[in-house]
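Here is the structure we will look at.
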Amino acid sequence: MVKPTRVTNSIRALRFARGEMTQAELADLIGVTRQTVIAIEQGRYSPSLEMAFQIAHAFKVPIDEVFHYPGSEQEAR
Amino acid sequence: MSKILYAAGWVMTLRERRAWIRLAVAVAAYAAYLAVVLGNAGGRPLAQAGYAAALLWSVGGSVAAAVVLEMITGAGRRGGASSRLTDVRDREIGRLGDYIGQSFVVIGAVAAMLMAMAGWERFWIANVIYLCFAASAVLGNVAKVLAYRGSLPQW
C-alpha cells in the first residue's frame, strides 16, 4: 500500500532566510543531488534521519525547525 | 534553455538519464528484433523463422547503444558536483526498479524451465526468455522514471 508522506518541511523558507541559498548550494552542503533537494522540498521524498540532521546542520537550526509532523506540536506542549 | 528545462523539472540526475536511455533502448531493441523475426518468417510458422542471429544482435546492440548514449549524454554536462553524484535517493529508486524488474527474470526462467520439460521448441523457449528480459528492462526502468518524476512509494 502506497501512502503519501505526512512529513512537511520549511526548507524553502529557511533557504530564503539564509541569503537566498540556492537548491544547488544546499545540495552541495549535504552531499546529495539538486534533484533530491527539490524532491524533499516539494514533499515528494522523505529523507533519512541522517540526511534530515545534515539539512538541519546546514541551516544551523534544530531538526524540528526544518521538518514537521502533524500532531508533534501538541505533543511537545 | 537549461533554466527553462530546470524550472519545468526536466533536468535529470545521471541515474534518471540512464533509466530513460535504458528504457528507450530496451523498447527499440525488442521492436527491431520482432520486426526482423516476423520478416524472416515470411508466412511460414514462426517457430521455423531464423531468430538466433537477430536475438544476439538485439541483445549486443542494446548493451552497446546504452553505453554509447550514456557516454554521449553524460559528456559535457554542466552543473555542480551535486548534479553528477549518486545519492541515497538514487540508490533507493534503483533498488525499487531492480526489484520490480527481477520478478520478470524469474518468471522467464521458470516459464523456460517448464517449457523445456514439456518439450517445447527451442524457438519458443529462447523467445519467452528474451521477452521476459525485455519486460524486466522496460518495467524496471518505467518504475525508476515514475519514482524520479513522482515520489518513492512508502509501504
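The values are calculated or read from the model by the stated rules, or taken from the named source; none is laboratory data. Just so we're clear, the structure is a prediction, and the values are computed from it rather than from any experiment. When we count neighbours, we look across all protein chains shown, and the Cβ atoms used for this are built from the backbone with ideal geometry, even at glycine. Side chains included, ligands, DNA and RNA excluded: accessible areas come from the protein's heavy atoms. Shrake-Rupley method; radii C 1.70, N 1.55, O 1.52, S 1.80 Å.
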Return the total of residues in the stretch B:114-155 being within 14 Å of chain A (Cβ to nearest Cβ), among the small types (Gly, Ala, Ser) and in a loop (DSSP other than H, G, I, E, B). 2
Of the conditions (1) crowded, with 16+ Cβ neighbours inside 10 Å; (2) touching a residue at least 24 places away in the same chain (Cβ under 8 Å), B:Arg149 clears all except one; give me its number. (1)
Taking helices (runs of 4 or more DSSP H) that fall entirely within the stretch B:1-108, which contain at least 1 residues that are over 20 Å from B:Trp124 (Cβ atoms) and at pLDDT 85 or above? B:14-41, B:52-74
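Being within 16 Å of B:Leu152 (Cα to Cα), modelled with pLDDT under 95 and within 13 Å of the chain's Cα centre (by Cα), is that true of even one residue in the stretch A:11-30?
no
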Mind listing just one residue for me: the one in the stretch A:35-64 that is within 29 Å of B:Val11 (Cα to Cα) and acidic (Asp, Glu) and, of those, nearest to the other protein chains (Cβ to nearest Cβ)? A:Glu50
Can you tell which of B:Leu56, B:Leu96 is open to solvent by less than 60 Å² (accessible area, probe 1.4 Å) and within 20 Å of the chain's Cα centre (by Cα)? B:Leu96
Pick out the one residue from B:Ala31, B:Ala26, B:Ala54, B:Ala47 that is touching a residue at least 40 places away in the same chain (Cβ under 8 Å) and either in contact with a Leu (Cβ under 8 Å, 6 or more places away or on another chain) or under 25 Å from B:Asn141 (Cβ atoms) (or both). B:Ala26
Taking the condition at pLDDT below 95 and surrounded by 13 or more Cβ atoms within 10 Å (Cβ to Cβ), does B:Ser136 pass? no
